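Engineer: Submitted below is the structure of interest, expressed as structure tokens.
The values are calculated or read from the model by the stated rules, or taken from the named source; none is laboratory data. As the structure is a computational prediction, the values presented were derived from the model and not from experiment. A quick note on method: Cβ atoms are made from the backbone with ideal geometry, for glycine too, and the neighbour counts reach across all protein chains shown. What goes into the accessible areas is simple: the full protein's heavy atoms, side chains included, and nothing from ligands, DNA or RNA. Shrake-Rupley method; radii C 1.70, N 1.55, O 1.52, S 1.80 Å.
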Amino acid sequence: MNSAGRFAPSPSGELHVGNLRTAILAWLFARSTGRTFLLRVEDLDRARSGAEAGQLRDLQAVGVTWDGDVVRQTARGPLYAGAISRLEAAGLTYECFCTRREIQEAPSAPHAPQGAYPGTCRNLDAAELEFKRSTRPAAIRLRADTAEYTVRDLLHGRFTGVVDDFVLRRNDGVTAYNLAVVVDDAEQGIDQVVRGDDLLPSTPRQAYLASLLGIPSPEYAHVPLVVNSDGARLAKRDGAVTLQDLADAGSPPAAVRDRLLESLGLPAGPLGNALAAFEPDALPREPWVWGGP
């Protein structure tokens with residue numbers, strides 16, 4: 001299988017300039033290393049009607065092209081179920097009946113970060129399991145045997161993060177992101193993952209899960225986000241931040257693309273121009289502050 005990079009948006013709404021900047025970077029990383037570039041729509045539980053079509057149009061409008069057909073997570077349930085079955089057979093899962101509130105209110109393990117699962121359901125006996133099964137559906141959690149895992153990132157170097165007994169399948173039957181992304185990347189031959197650095201803290205969980213499934217970890221590059229003037233991650237509420245908003249304000253897609261490339265220290269014009277000048281080591285390491293149209 002050929003090596004590949006990817007962009008994997010969730011169709012929850014329009015892409016904003018931060019999403020488009022990351023997509024451009026993912027494309028540049030892949031194309032500059034001779035990889036194919038794939039597009040995967042992560043639509044397990046956040047799809048909004050019409051959002052996917054709009055996102056694909058916006059990517060094409062700034063010059064991001066992809067190879068092959070678009071893949072959608074909702075069509076890949078059997079792959080996820082198979083991975084969970086393998087983990088179950090190895091004794092690496094357990095049923096969890098905790099609500100979100102119960103997890104938040106439970107005492108955490110020493111040195112565990114806020115929100116890490118405290119292991120409440122990890123060692124239920126048969127009677128407790130039977131009772132809890134009668135009260136609510138179970139989520140499936142990973143039975144982790146480590147508290148942390150280290151990954152290497154092209155921009156951040158070695159990064160060690162927390163690994164807890166994270167959810168593999170929610171109690172509504174929907175596959176959790178941390179499992180789906182690992183299975184998808186492996187099945188698609190994706191060995192380079194370029195995404196926003198807000199996802200770096202969850203990467204050790206994913207790399208650890210990949211190791212349990214016998215899957216090689218991809219090459220990671222977590223790139224700086226686009227932020228607003230307050231330093232918060234850019235969002236639709238920050239005004240004209242989508243291609244349509246910016247076009248309405250007088251900035252066509254080509255101008256937005258050029259502005260995004262300028263923020264990366266790359267030449268304007270078609271993405272081929274930027275590709276010829278692309279050097280990962282020269283990329284900015286700090287967030288880029290969006291100043292509006």
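Each row is one residue, and each column tells you yes or no for (1) assigned to a loop (DSSP other than H, G, I, E, B); (2) farther than 17 Å from F7 by Cβ; (3) touching a residue at least 60 places away in the same chain (Cβ under 8 Å).
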{"site": "G214", "(1), (2), (3)": "yes, yes, no"}
{"site": "S217", "(1), (2), (3)": "yes, yes, yes"}
{"site": "A221", "(1), (2), (3)": "no, no, yes"}
{"site": "D230", "(1), (2), (3)": "yes, yes, no"}
{"site": "A240", "(1), (2), (3)": "yes, yes, no"}
{"site": "D245", "(1), (2), (3)": "no, yes, no"}
{"site": "D258", "(1), (2), (3)": "no, yes, no"}
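Engineer: Hey, can you tell me all the residues within the range 268-287 that are surrounded by 15 or more Cβ atoms within 10 Å (Cβ to Cβ) and in a loop (DSSP other than H, G, I, E, B)?
Structural biologist: Those that are surrounded by 15 or more Cβ atoms within 10 Å (Cβ to Cβ) and in a loop (DSSP other than H, G, I, E, B): F278, L283, P287.
Engineer: Being more than 18 Å from L129 (Cβ to Cβ), open to solvent by less than 50 Å² (accessible area, probe 1.4 Å) and not aliphatic (A, V, I, L, M) is the filter here, so list the residues in the range 67-111 that pass it.
Structural biologist: Correct list: Q73, R76, G77, Y80, G82.
Engineer: Go through the range 4-112 and tell me which strands (runs of 3 or more DSSP E), entirely inside it, have 2 or more residues that are in contact with a Cys (Cβ under 8 Å, 6 or more places away or on another chain) and modelled with pLDDT of 95 or more. Working first, answer last.
Structural biologist: Working: elements: 4-7, 36-41, 93-96.
The strands (runs of 3 or more DSSP E) meeting that bar are 93-96.
Engineer: Only residues that are of a type in the set (V, I, T) and either over 25 Å from V289 (Cβ atoms) or touching a Lys or Arg at 6+ places or on another chain (Cβ under 6 Å) (or both): list them for the range 204-225, please. Give the steps one after another, and end with the answer.
Structural biologist: The initial filter retains those residues of the range 204-225 that are of a type in the set (V, I, T), namely 215, 223.
I215, the sole residue that qualifies.
Engineer: Given the conditions (1) within 21 Å of the chain's Cα centre (by Cα); (2) within 23 Å of L15 (Cα to Cα); (3) open to solvent by less than 40 Å² (accessible area, probe 1.4 Å), report the number of the one that P204 does not fulfil.
Structural biologist: It is condition (2) that P204 fails.
Engineer: Determine whether the range 1-16 contains at least one residue that is under 23 Å from E286 (Cα atoms) and open to solvent by 40 Å² or more (accessible area, probe 1.4 Å).
Structural biologist: No, because not a single residue in the range 1-16 is under 23 Å from E286 (Cα atoms) and open to solvent by 40 Å² or more (accessible area, probe 1.4 Å).
Engineer: Another one. Pick from D172, D164: which is among the charged types (D, E, K, R), under 24 Å from Y80 (Cβ atoms), surrounded by fewer than 18 Cβ atoms within 10 Å (Cβ to Cβ) and in contact (Cβ under 8 Å) with a residue 24 or more places away in the chain?
Structural biologist: Details: D164 fails: surrounded by fewer than 18 Cβ atoms within 10 Å (Cβ to Cβ).
The conditions single out D172.
Engineer: Quick one: in the range 1-36, which of the residues that are among the hydroxyl-bearing types (S, T, Y) and in contact with a helix residue (DSSP H, G or I) (Cβ under 8 Å, 6 or more places away or on another chain) is nearest to P218 (Cα to Cα)?
Structural biologist: If we filter the range 1-36 for residues that are among the hydroxyl-bearing types (S, T, Y), which is where we start, we get 3, 10, 12, 22, 32-33, 36.
Now narrow it down to the ones that are in contact with a helix residue (DSSP H, G or I) (Cβ under 8 Å, 6 or more places away or on another chain): 12, 32, 36.
Numbers: S12: 26, S32: 16, T36: 14 Å.
Checked the range 1-36; the qualifying residue nearest to P218 (Cα to Cα) is T36.
Engineer: Okay, moving on. Among the residues of the range 213-232, write down those that are under 23 Å from L283 (Cα atoms) and exposed (fewer than 14 other Cβ atoms within 10 Å of the Cβ).
Structural biologist: S229, D230, G231, A232
Engineer: Right, something else. Is there any pair linking a residue in the range 121-141 that is under 18 Å from D172 (Cβ atoms) and open to solvent by less than 70 Å² (accessible area, probe 1.4 Å) to one that is assigned to a loop (DSSP other than H, G, I, E, B) and among the aromatic types (F, W, Y), with Cβ under 9 Å and at least six apart or on different chains, and which?
Structural biologist: C121/F97; K132/F97; A138/F97; A139/F97; R141/Y117; R141/F166
Engineer: Looking at the range 142-160, can you tell me whether even one residue there is part of a helix (DSSP H, G or I), within 30 Å of A282 (Cβ to Cβ), in contact with a helix residue (DSSP H, G or I) (Cβ under 9 Å, 6 or more places away or on another chain) and open to solvent by less than 70 Å² (accessible area, probe 1.4 Å)? So that I can check it myself, show each step before the final result.
Structural biologist: Taking the range 142-160 as the starting set, the residues that turn out to be part of a helix (DSSP H, G or I) are none.
Within the range 142-160, not a single residue is part of a helix (DSSP H, G or I), within 30 Å of A282 (Cβ to Cβ), in contact with a helix residue (DSSP H, G or I) (Cβ under 9 Å, 6 or more places away or on another chain) and open to solvent by less than 70 Å² (accessible area, probe 1.4 Å).
Engineer: Here is a follow-up. So, of the residues in the range 168-206 that are of a type in the set (V, I, T) and in a helix (DSSP H, G or I), which turns out to be farthest from Y117 (Cα to Cα)? Working first, answer last.
Structural biologist: At the first step, the residues of the range 168-206 found to be of a type in the set (V, I, T) are 174-175, 181-183, 190, 193-194, 203.
If we keep only those that are in a helix (DSSP H, G or I) too, we end up with 181-183, 203.
Numbers: V181: 20, V182: 20, V183: 22, T203: 17 Å.
Taking the candidates together, the pick is V183.
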